[in-house]
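Asks: Take a look at the following structure, please.
Only the coordinates and a few stated rules stand behind these numbers; no lab work does. Predicted model, so just to flag it, every value in this text is computed and none were measured. A quick note on method: Cβ atoms are made from the backbone with ideal geometry, for glycine too, and the neighbour counts reach across all protein chains shown.
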Amino acid sequence: MAKKKKKKTPGFLARLVDAVLSLIDWLCEGIASLAVALINGLLTLVRLLLLGAWKLVCLAVRVICWPFSRLWRLWRGRRNRAWRCLKLSGGEFEAYVAEVLKDNGFKKVQVTKGSGDQGADVLAERNGISYAIQCKNYEGSVGNYAVQEAYAAAQFYGCDRAAVICPGEFTRGAKELAEATDVTLWDGAWLSRAMKRSGRRPKHREG
């Protein structure tokens with residue numbers, strides 16, 4: 001009867017090699033994980049630095065541009081003095097317009113009563129021509145409704161001309177209707193020149 005061969009158990013050297021290879025695999029995995037974590041951390045740090053740098057740049061630009069923006073606002077305010085009227089209430093604006101018109105050669109200037117004015121806020125006369133004037137003091141373009149009010153007011157008061165005055169501009173529709181109905185439009189540019197000739201500054205009464 002033949003004898004069974006005994007299984008050879010791994011020797012010490014083979015076990016040592018396996019242990020070393022396992023250690024190398026573990027080290028490689030650890031190094032790879034550490035490298036990924038470091039890269040992610042560096043990317044996050046770079047993003048934060050770029051974000052911080054961008055905020056600093058924006059802040060620096062704002063600081064540098066602030067005096068120039070202030071000068072621009074002052075220059076623009078000088079160019080369009082009419083914008084100063086936006087701080088006035090409706091009644092204050094009407095009274096101020098009346099004074100400015102007086103300083104610009106208008107006669108018989110009077111502010112109509114607040115209610116029941118039939119669309120005319122100021123009545124005035126210059127060079128023998130009487131005006132029924134509608135005052136619109138708000139930011140933005142004035143539409144054709146104001147032109148309609150002024151035209152109706154001129155008919156009601158028996159004035160020769162109707163006019164609308166505002167510190168801003170007029171819409172295209174307002175200009176077309178004014179041309180068709182012969183209504184005079186005095187925009188912010190006209191009012192600015194009149195204010196400059198007058199020398200009066202609009203004053204808002206607090207409270």
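Asks: What are the ³J(HN,Hα) couplings of the stretch 84-93, residue after residue, when phi is run through the Karplus curve with 6.51, -1.76, 1.60 and θ = phi - 60°? Round to Hz, x for glycine and proline.
Replies: 5, 6, 5, 7, 7, 6, x, x, 5, 5
Asks: Just R15, R193, R47 to compare: in a GNM of the chain, with alpha carbon springs under 10 Å, which one fluctuates most?
Replies: Comparing R15, R193, R47 in a Gaussian network model of the chain, the most mobile one is R15.
Asks: Return the sequence-ordered ³J(HN,Hα) values of the stretch 151-165 in whole Hz as given by the Karplus equation 6.51 cos²θ - 1.76 cosθ + 1.60 applied to θ = phi - 60°, using x for Gly and Pro.
Replies: Per residue, the Karplus-derived 3J(HN,Hα) values read 4, 5, 5, 4, 5, 5, 8, x, 8, 6, 9, 10, 9, 10, 10 Hz.
Asks: Moving on. Pick from C58, C28, C135: which residue has the top mean-square fluctuation in a GNM of the chain where Cα pairs under 10 Å get a spring?
Replies: Sorting by GNM fluctuation, first place goes to C28.
Asks: Okay, moving on. With n ≥ 4 as the cut-off for DSSP H runs, can you work out [θ] at 222 nm for the chain, using -39500 (n - 2.57) per run divided by the number of residues, rounded to the nearest 500?
Replies: -20000 deg cm²/dmol
Asks: For the chain, with only Lys/Arg (+1) and Asp/Glu (-1) charged at the beta-carbon, what is the dipole magnitude about the Cα centre, in debye rounded to 20?
Replies: In total the dipole reaches around 1960 debye.
Asks: Something else: Using modelled backbone amide H atoms (1.01 Å from N, in-plane), which distant-in-sequence or interchain residues come within less than 5 Å of T184's amide H?
Replies: Residues meeting the criterion, in which the H sits 1.01 Å from N, are A162, A163, V164.
Asks: Which links in K108/K175; K136/K196; K136/K203; K87/K196; K175/K196; K108/K203 stretch past 21 Å when you go from one Cα to the other?
Replies: Over 21 Å apart, Cα to Cα: K108/K175; K175/K196; K108/K203.
Asks: Can you give the Rg/Rh ratio of the chain, where Rg is from the C-alpha atoms and Rh is the Kirkwood radius?
Replies: 1.75
Asks: Using Cα-Cα distances under 8 Å and only pairs 6 or more residues apart, what relative contact order does the chain have, in percent?
Replies: About 17 percent, as a whole number.
Asks: Given a 10 angstrom Cα cut-off, can you work out which residue in I133, I31, I165 is the most mobile in a GNM of the chain?
Replies: Maximum among the listed residues: I31.
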